[in-house]
Amino acid sequence: MGYYSFQAKRSIQRFVFTPYFGLRKFFNAAGLFLQFGLLKNSGMMGYPLKLSFDPSSQCQLQCPLCPTGQHAKGRSLGKMHFGSFTKVVDELAPWLYEIDLNNWGEPFLNPDLIRMIEYCHRKRTRTSVNTNLNAKLSEKGVVALINSGLDVLYVSMDGITQKTYEKYRKGGNLASVLDNIRLVARKKRQLGKSNPVIVWQFLVNSFNEHELPRLQQVKQQLGVDRLAVGLLRSDMGKEIFTLDREKVEGTKKWLPENENLSRYDYRKKERKLKKKHCHFPWFVSVINWNGSVSPCCASYFEKFDFGNAFENGFKAVWNNEKYRAARKAIASKKPTGTVCDNCLKTGFID
């Protein structure tokens, strides 16, 4: 019951003590938790609490463990149309608490990103954006971003010198990222705004682990609100298809020397912590730039997607044959023929 207790506590914090609370949302959330925790429904009564939209599947960087950065085949490239986006938001807004505006690409490459954020807030939905922040931001654009109502701006920056930063964020310019962060922080102060909360995400790898002692100092100098030091993943496009031993071998050059800074046990060649459950198909869904629906953010290949929210409407996809089969597989721990079967073999992502 530890897992369910954790989810219950986390859900109360996120879905009750929040400015985006609503009775319809609350009863929907309670129903989803009941169906996930006790009933293990494959057909859902209710709708997801959170969506991840991918405003752009394109990216200007070539991060080596990201399929987009690798220019891997398997998912089409493009930018989400604003009208298609609002159609799905309108369909699900009465039940939605959160929308993440990111997935496989760089969100700021979509010129409608700020309009999307503004629209979400008119629909009383919390928003976050995860970005490499290499796109050049103007003062006018930053003011619009702050006034859009964006709740959290996650900035992925894995180095405090260009030499270490570009090891993983290939093609990135650290000076531009730092200038953008300073600009957002300064305009927040000038406008007297507390949002968006700026979160600096630093993935520890073998090339930057020596910089950890200096991060707090840099954080304060930049005006960043929070520092989130994360543990490196394996090749993200292949993650759910790969056993832990193969992940460790394939990611060896990137893994930090200090094993305490890694998600893997180097001797056993496996993750230190392994999830025994997956809640995604009951609570969350991912809508890619063209409306194609993935069961989670780790499912890269478009051929495994469950349907198209732009063509058929999200509600029709949410309870279709593939979604039902995925929930049944996770609940029973028996394969049923969807991409989720792979996590039964390799372990659920953490």
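The values are calculated or read from the model by the stated rules, or taken from the named source; none is laboratory data. Everything numeric in this text was worked out from a predicted model, so none of it was measured. Glycine gets a Cβ as well: all are built from the backbone with ideal geometry, and neighbour counts include every protein chain shown. Protein only, heavy atoms only, side chains kept; ligands, DNA and RNA dropped before computing areas. Shrake-Rupley method; radii C 1.70, N 1.55, O 1.52, S 1.80 Å.
Tabulated data for the structure shown
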item	result
Members of segment 245-254 that are closer than 18 Å to Asn205 by Cβ and surrounded by fewer than 17 Cβ atoms within 10 Å (Cβ to Cβ)	Glu249, Gly250, Lys252, Lys253
Residue within segment 44-55 that is more than 23 Å from the chain's Cα centre (by Cα) and either among the acidic types (Asp, Glu) or open to solvent by 40 Å² or more (accessible area, probe 1.4 Å) (or both) present	yes
Conditions (1) among the hydroxyl-bearing types (Ser, Thr, Tyr); (2) in contact with a strand residue (DSSP E or B) (Cβ under 8 Å, 6 or more places away or on another chain); (3) farther than 26 Å from Asp235 by Cα; number of the one not met by Ser299	(3)
Residues located in segment 225-242, provided they are charged (D, E, K, R) and under 15 Å from Arg271 (Cα atoms)	Arg233, Asp235, Glu239
Check on Thr131, more than 28 Å from Leu231 (Cα to Cα), buried (at least 16 other Cβ atoms within 10 Å of the Cβ), in contact with a strand residue (DSSP E or B) (Cβ under 8 Å, 6 or more places away or on another chain) and touching a residue at least 12 places away in the same chain (Cβ under 8 Å)	no
Qualifying position, being surrounded by 16 or more Cβ atoms within 10 Å (Cβ to Cβ) and touching a Pro at 6+ places or on another chain (Cβ under 7 Å), among Ala298, Ala325, Ala329, Ala309	Ala329
Helices (runs of 4 or more DSSP H) fully within segment 249-350 counting 1 or more residues that are in contact with a Leu (Cβ under 7 Å, 6 or more places away or on another chain)	280-283, 314-318, 321-332, 341-346
Residue ID - surrounded by the most Cβ atoms within 10 Å (Cβ to Cβ), chosen from residues in segment 332-350 that are of a type in the set (Ser, Thr, Tyr) and within 18 Å of Asn41 (Cα to Cα)	Thr338
Subset tally (residues that are among the hydrophobic types (A, V, I, L, M, F, W, C), in contact with a helix residue (DSSP H, G or I) (Cβ under 8 Å, 6 or more places away or on another chain) and surrounded by fewer than 21 Cβ atoms within 10 Å (Cβ to Cβ)) for segment 74-88	1
